[in-house]
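Participant: Following this message is one structure expressed as structure tokens.
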DNA sequence: GCACATTATTTTGTTGACAAAATACAGTCG
DNA sequence: CGACTGTATTTTGTCAACAAAATAATGTGC
């Protein structure tokens, strides 16, 4: 008997591609919170039937990006200040845990490379284009922090939380400079090099706290549904 | 214009019913880890077409109960000791947070009622039937602890983690008495009445720690797939 | 012009069908 | 008997179609 259920490389079914596509559009801010997602329109736009769309919806719903109401259809989830606070609170706790577990196993040299890239943003002002570049760096940075924590579920959860945060950041109308955020990232790197647990946690939490504050602005303004 | 996307009572589509049904079967242990879930067989057994089944799979996958491999199909996820440790670690952190946030808002009287129900189990030995009753109580207890923490996402996450723990408990071959677990639950109630934060956290963590230890046994024995 | 009932259109829920891939089976050759 | 190849069967991926529900549009009376 051949072996069942072995891994199958990186084959992507339509459902997977649709899923990635929609998620990407939502995170990028192309699909604003509240906008409805009619199956047929999407299916025509993507040249697939409705089945893969519906399957993708179910995954996106579990990840918080899409809200499905039976017999009414799917829509991009609304973001409220409450949601933001909830997400950041959980992330603070879990990322602290992840970093604590990663200590000694973090690739500092990789992290420093990312740090150097960060520096280039220090005087740039935020716009759609370089914000996306910045968020790519941000993802790399935080991934490096928790990558080796040894808890797969934790890594998965953190990845989803980060996606949500990047989403609302792309959706927010707030425009600032990157300098504060860059400084904080560099401070975390320094703390890691010093190997001072307390300082590490402190700089990390400071970073997340400020990120939350700068996210808690201009929310609720794009809701397309009245409810 | 009428209002879009308003809530629609407790209507359950086929997909929802299928989802609940399969999840229930998995948690109860009727569907053992590793067993494949062929769409057509399930669809014939439940008298529905394959579409609702596939949609349910996508949700169950995100919740960790089912593993989908493209072109190969779905199977009940395997539980490893690693998974158990991962889940408990996250749960310890998040439930501590939830309880901390709930302090002062916990319905102690409700909790004490549950505590009384617990006492009836103190000398019973574990078997399939009264374990299920016990887990219902356990769910009530932990729900009461975090219900009022004010963070919806956190509540959602904890619910999923608890389901997974109950799942592996129903799947495990381990058979013990309830006495230890009951004692710990009562200790938590007492600590809450005393309003001593440190003691509350301590009893909670002790409980979760022992629960983990008693779960970390006899795993990997039921895997149906060879891989 | 506005409230309300009626009709038309859109959209979802669900099914059945078909091709392609994966799996199981059978027969052949060493 | 065992490895191997080709064939039959099962199973997934995807689509198109239909009924029922929800939404939008229309019309009627006031």
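Participant: Which residue fluctuates the most in chain A, going by a Gaussian network model with Cα springs under 10 Å, if the choices are A:34, A:180, A:115?
Facilitator: Evaluated over chain A, the most mobile residue of the options is A:180.
Participant: Further, regarding this structure: Could you work out [θ]222 nm for chain B from helices alone, using -39500 (n - 2.57) per DSSP H run of at least four and dividing by all its residues? Round to the nearest 500 deg cm²/dmol.
Facilitator: After summing the helix terms and dividing by the residues of chain B, the value is -21000 deg cm²/dmol.
Participant: Give me the inter-chain shielding for A:38-48: mean count of other chain Cβ atoms within 10 Å, whole number please.
Facilitator: That average works out to 0.
Participant: Give the nm distances, rounded to one decimal, from residue A:177 to the matching residue in every other copy, measuring between label points 7 Å along Cα toward the beta carbon; shortest first.
Facilitator: Counterpart label points of residue A:177 in the remaining copies fall at 6.9 nm.
Participant: Once the Cα gyration tensor of the protein assembly as shown is found, what semi-axes does its equivalent ellipsoid get, as square roots of 5 times the eigenvalues, in whole Å, sorted largest first?
Facilitator: Equivalent-ellipsoid dimensions as semi-axes: 35, 31, 23 Å.
Participant: Next question. Picking from B:152, B:101, B:23, which is most flexible by a Gaussian network model of chain B using Cα springs under 10 Å?
Facilitator: Comparing B:152, B:101, B:23 in the GNM, the peak value goes to B:152.
Participant: Okay, moving on. Using a Gaussian network model of chain A with C-alpha springs under 10 Å, which one of A:69, A:154, A:111 is most mobile by mean-square fluctuation?
Facilitator: A:69
Participant: Can you give me the angle between helix B:50-62 and the longest principal axis of chain B, using Cα atoms only, in degrees from 0 to 90, rounded to the nearest 10?
Facilitator: Taking the Cα atoms of chain B, the angle to B:50-62 is about 40 degrees.
Participant: Here's another thing I want to ask about it. Using only the alpha-carbon atoms, what does the stretch A:121-210 span along each of its principal axes? Please give whole angstrom values in decreasing order.
Facilitator: The Cα atoms of the stretch A:121-210 stretch 35, 28, 19 Å along their principal axes.
Participant: Compute the helix-to-body angle for B:108-119: its Cα long axis versus the longest principal axis of chain B, expressed 0 to 90° and rounded to tens.
Facilitator: Computed tilt is about 80 degrees.
Participant: Right, next: What does the average come to when, for each residue of peptide B:83-95, you count the partner chain Cβ atoms lying within 10 Å of its Cβ?
Facilitator: Average per residue, whole number: 4.
Participant: Measuring label to label, 7 Å along Cα→Cβ, what does residue A:47 give against each other copy in nm, shortest first?
Facilitator: Listed shortest first, these distances are 4.2 nm.
Participant: Please determine, in degrees from 0 to 90 and to the nearest 10, the orientation of helix A:128-146 with respect to the longest principal axis defined by the Cα atoms of chain A, where the helix direction is its Cα long axis.
Facilitator: 70 degrees
Only the coordinates and a few stated rules stand behind these numbers; no lab work does. Computed from a prediction, not measured in an experiment: that's the story for all the values here. Please note: Cβ atoms are built from the backbone with ideal geometry, for glycine as well, and neighbour counts cover all protein chains shown.
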